[in-house]
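To keep things clear, I will list the structure first and then write my remarks on it.
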Amino acid sequence: MDEIKGIARVRFHPGKVEEWKRLSEQAMQIVRTRDRGTLQYEIFLNADETEAIVFERYRDADAALDHFSNISHLMEPLMATASVTGELLGTPNAEMRKQLSRGGPPTLFTPWMAIET
């Protein structure tokens, strides 16, 4: 199970949803043009656009780290628009474990049981 999956739960600060959308469009363009190991990157909004879910899948931990590096310049402005929590699912490599050890989101969940096809 090399794949890394991420789920980010986003709650927009009042009046910030349009700025978050603008920055997210920039992130999506980077994913499309620079990420090499991103398998899935989807953004979902609730009905009143007060919350979003970002679902991500990466080939492996190196691909996830590559993605985070590619969009790192957008993280501070994105975090200024919303409160974010999240989960990271998979088996991280040493570098990812090091970055996760700094605390804060996301929470790591490692594999226990799966059906793979």
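The values are calculated or read from the model by the stated rules, or taken from the named source; none is laboratory data. Bear in mind the structure is a predicted one, so any value in this text is a computation, not a measurement. Cβ: placed from backbone, ideal geometry, glycine included. Neighbour counts: every protein chain shown.
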Within region 49-64, take every residue that is under 13 Å from Arg36 (Cα atoms) and touching a helix residue (DSSP H, G or I) at 6+ places or on another chain (Cβ under 6 Å) and give me the one that is surrounded by the most Cβ atoms within 10 Å (Cβ to Cβ). Tyr58
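Restricting to region 65-79, name every residue that is touching a residue at least 40 places away in the same chain (Cβ under 8 Å) and either assigned to a strand (DSSP E or B) or surrounded by fewer than 16 Cβ atoms within 10 Å (Cβ to Cβ) (or both).
Passing the criteria: Leu74, Pro77.
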Asn46 fails exactly one of the following numbered conditions: (1) at pLDDT below 95; (2) loosely packed, with under 13 Cβ neighbours inside 10 Å; (3) not small (Gly, Ala, Ser). What is the number of that condition? (1)
Could we say that Thr81 is among the hydroxyl-bearing types (Ser, Thr, Tyr), at pLDDT 95 or above and over 30 Å from Ala114 (Cα atoms) here? yes
Subset of region 76-117, residues closer than 21 Å to Leu45 by Cα and of a type in the set (Ser, Thr, Tyr), comes to Thr81, Ser83, Thr85
Examine region 55-78 for a residue that is within 18 Å of Glu3 (Cα to Cα), out of contact with any strand residue (DSSP E or B) (no Cβ under 9 Å at 6 or more places or on another chain) and among the basic types (Lys, Arg), and state whether such a residue exists. no
In region 82-117, which residues are in contact with a Leu (Cβ under 7 Å, 6 or more places away or on another chain) and either under 24 Å from Pro14 (Cβ atoms) or crowded, with 17+ Cβ neighbours inside 10 Å (or both)? Leu88, Pro92, Met96
With the requirement that a residue be assigned to a helix (DSSP H, G or I) and either under 19 Å from Leu65 (Cα atoms) or touching a residue at least 12 places away in the same chain (Cβ under 8 Å) (or both), what does region 14-29 give you? Val17, Glu19, Trp20, Leu23, Ser24, Gln26, Ala27, Met28, Gln29
Subset of region 89-104 [outside any strand (DSSP E or B), in contact (Cβ under 8 Å) with a residue 24 or more places away in the chain and of a type outside the set (Ser, Thr, Tyr)]: Gly90, Pro92, Asn93, Glu95, Met96, Gln99
Condition (residue is under 11 Å from Lys5 (Cα atoms) and of a type outside the set (D, E, K, R)) applied to region 22-38: is it met by at least one residue? yes
Listed residues Arg11, Arg32; which is charged (D, E, K, R), free of Cβ contacts under 8 Å to residues at least 60 places away in the same chain and outside any loop (DSSP other than H, G, I, E, B)? Arg32
Do we find a residue being crowded, with 16+ Cβ neighbours inside 10 Å and under 16 Å from Ala61 (Cβ atoms) anywhere in region 6-23? yes
